[in-house]
Amino acid sequence: MKDINILSIETSCDETSIAIVKNGVEVVALTILTQMDTHANFGGVVPEIASRMHSENITMVLEETLQKANMRVEDCDAIAVTYSPGLLGSLLVGIEFAKVLSYVYEKPLIKVNHLVGHIYANKIDNHLKFPCLALIVSGGHTELIKMTGDYEFEKLGETQDDAIGEAFDKVARVLGLTYPGGPNVERLALNGQNTYKLPTMLNDDTYNFSYSGLKSSVINLVNNERQRGNEIRKEDLACSFQIAAVDELKRKLELALKNNNIKNVILAGGVSANKYLRKEIADLCAKYEASLDLPEFIYCTDNAAMIGAAAFPLFLKGEFADLDLNAESNSKIC
Ligand code: KG4
Ligand code: ZN
């Protein structure tokens, strides 16, 4: 079969990224331009600034990607783009850019759900083993999905309030760490001990999660200690928080492993870059003799390569989007 090269575009939040992905598994070229440093000045992503920066940079990101691949848009077989979930203004920049390329170069347009992209990040240089449990841990989502085949999803559970990444970012902020907080909390936790007693969240027999209680208890604890003039052991608090946050994932994943007789697990989304989480989930999977796929670090956080990987099964099925494609702020995987 002829090789299929998909030019893929991701602009759902604060990364402008374009990739060329061959046959859904091989990354020919990838460029990620992050706006992190700009948003760090505001303590979080400012949507207006994000979309403006995407508009300013996207042409340059395309040129750089084509140069790296030594290819032209003409050489690609389709244009894929993230259409949801994400910031509407940011998504629209990528979508309009993709539509123009699709129209001008007469290439089919493929719309990809960002979370499906995170799952398919595990297919890069690899293959997905079905059935599997996919645990999505990102800045905006925490979901446990059962997959029985390509694009066959069944949601087992999801967060009832905040996403785990959001909790990491808020805890980072109260500890005075810069945005995005997750990696900084992880770094701080390396030198800490689990000395702070934090609440156990949804300790029930559903596959749902909850992070707002944990987040609030850390924020309240810091504020109370400050009011009393007591010093906070930041390293210990970061460590205690990280352990509590990961325990919540482990409890629900363990329940799913016990109840579903599924022997393959996938981690997906930005928080899956956390080394403590990777180790703990790996140990849990080993206990249940389940295989674990983890995205390479570069493919954990937002990138267009995962969008190209997720677009490939849609290309094979001929599931193409029309030029009236619009952004959706929060469409579900299933
Ligand atoms: O998947 P992602 O890049 O964007 C969304 O789709 O949301 O995830 C970003 C989230 C942020 O909340 C960030 O703090 C978190 O992932 N994150 C981490 C780590 N690296 C990124 N959280 C904990 N530990 C990390 N090493
Ligand atoms: Zn993401």
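The values are calculated or read from the model by the stated rules, or taken from the named source; none is laboratory data. All figures in this text were calculated on a predicted structure; none of them were measured in a lab. As a convention, Cβ positions derive from the backbone with ideal geometry for all residues, glycine included, and neighbour counts pool all protein chains shown.
Numerical summary
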{"quantity": "Single condition ALA321 does not satisfy, out of (1) away from ligand 2 (no atom under 16 Å from the Cβ); (2) surrounded by fewer than 18 Cβ atoms within 10 Å (Cβ to Cβ)", "calculated": "(2)"}
{"quantity": "Any hit, region 57-65, residues being in a helix (DSSP H, G or I), without any contact (Cβ under 8 Å) to a residue 40 or more places away in the chain, of a type in the set (A, V, I, L, M, F, W, C) and over 18 Å from ASP324 (Cα atoms)", "calculated": "yes"}
{"quantity": "Residue ID - surrounded by the fewest Cβ atoms within 10 Å (Cβ to Cβ), chosen from residues in region 10-24 that are out of contact with any Ser or Thr (no Cβ under 7 Å at 6 or more places or on another chain) and either β-branched (Val, Ile, Thr) or more than 19 Å from GLU74 (Cβ to Cβ) (or both)", "calculated": "GLY24"}
{"quantity": "Residues of region 25-38 satisfying the condition of being surrounded by 15 or more Cβ atoms within 10 Å (Cβ to Cβ) and either within 16 Å of THR301 (Cα to Cα) or aromatic (Phe, Trp, Tyr) (or both)", "calculated": "VAL27, LEU30, THR31, ILE32, LEU33, THR34, GLN35"}
{"quantity": "Unmet requirement for LEU237, which otherwise passes all of (1) in contact with a strand residue (DSSP E or B) (Cβ under 9 Å, 6 or more places away or on another chain); (2) crowded, with 19+ Cβ neighbours inside 10 Å", "calculated": "(1)"}
{"quantity": "Any chance GLU166 is within 16 Å of ligand 2 (Cβ to nearest atom), crowded, with 21+ Cβ neighbours inside 10 Å and not aromatic (Phe, Trp, Tyr)", "calculated": "yes"}
{"quantity": "Residue that is touching a strand residue (DSSP E or B) at 6+ places or on another chain (Cβ under 8 Å), closer than 24 Å to HIS127 by Cα and β-branched (Val, Ile, Thr), where the choices are ILE9, ILE58, ILE95", "calculated": "ILE9"}
{"quantity": "Flag for SER331 being out of contact with any His (no Cβ under 6 Å at 6 or more places or on another chain), within 16 Å of ligand 2 (Cβ to nearest atom) and of a type outside the set (A, V, I, L, M)", "calculated": "yes"}
{"quantity": "Test: THR142 is at pLDDT below 95 and farther than 20 Å from LEU30 by Cβ", "calculated": "no"}
{"quantity": "Residue count for region 111-151, restricted to those that are within 12 Å of ligand 1 (Cβ to nearest atom) and part of a strand (DSSP E or B)", "calculated": "5"}
{"quantity": "Residue, nearest to ligand 2 (Cβ to nearest atom), within region 277-308, restricted to residues that are under 24 Å from LEU33 (Cβ atoms) and touching a strand residue (DSSP E or B) at 6+ places or on another chain (Cβ under 6 Å)", "calculated": "ASP302"}
{"quantity": "Unique match (being among the acidic types (Asp, Glu) and modelled with pLDDT under 95) among ASP205, ASP169, ASP247", "calculated": "ASP205"}
{"quantity": "Qualifying residues in region 152-170 (those that are more than 10 Å from ligand 1 (Cβ to nearest atom) and in contact with a helix residue (DSSP H, G or I) (Cβ under 9 Å, 6 or more places away or on another chain)) - the one farthest from GLU235 (Cα to Cα)", "calculated": "PHE153"}
{"quantity": "Number of positions in region 152-171 that are in a strand (DSSP E or B), among the polar types (S, T, N, Q) and more than 17 Å from the chain's Cα centre (by Cα)", "calculated": "0"}
{"quantity": "Residue selected from region 112-146 under the condition more than 17 Å from CYS334 (Cβ to Cβ) and β-branched (Val, Ile, Thr), by the criterion farthest from ligand 2 (Cβ to nearest atom)", "calculated": "ILE124"}
{"quantity": "Lone qualifier among ALA282, ALA256, ALA273 - being surrounded by fewer than 24 Cβ atoms within 10 Å (Cβ to Cβ), more than 13 Å from ligand 1 (Cβ to nearest atom), in contact (Cβ under 8 Å) with a residue 60 or more places away in the chain and of a type outside the set (Lys, Arg)", "calculated": "ALA256"}
{"quantity": "Near pairs, Cβ below 9 angstrom, 6+ apart or cross-chain, from region 114-128 (at positive phi and touching a residue at least 40 places away in the same chain (Cβ under 8 Å)) to any residue that is more than 11 Å from ligand 2 (Cβ to nearest atom) and of a type outside the set (Val, Ile, Thr)", "calculated": "ASP125/GLU26; ASP125/GLU296"}
{"quantity": "Subset of region 172-189 [touching a residue at least 40 places away in the same chain (Cβ under 8 Å) and closer than 18 Å to GLU280 by Cβ]", "calculated": "GLY182, PRO183, VAL185, GLU186, LEU188, ALA189"}
{"quantity": "Residue that is nearest to the chain's Cα centre (by Cα) [pool: residues in region 172-187 that are within 16 Å of ligand 2 (Cβ to nearest atom) and either of a type in the set (Gly, Ala, Ser) or within 21 Å of GLU231 (Cβ to Cβ) (or both)]", "calculated": "GLY182"}
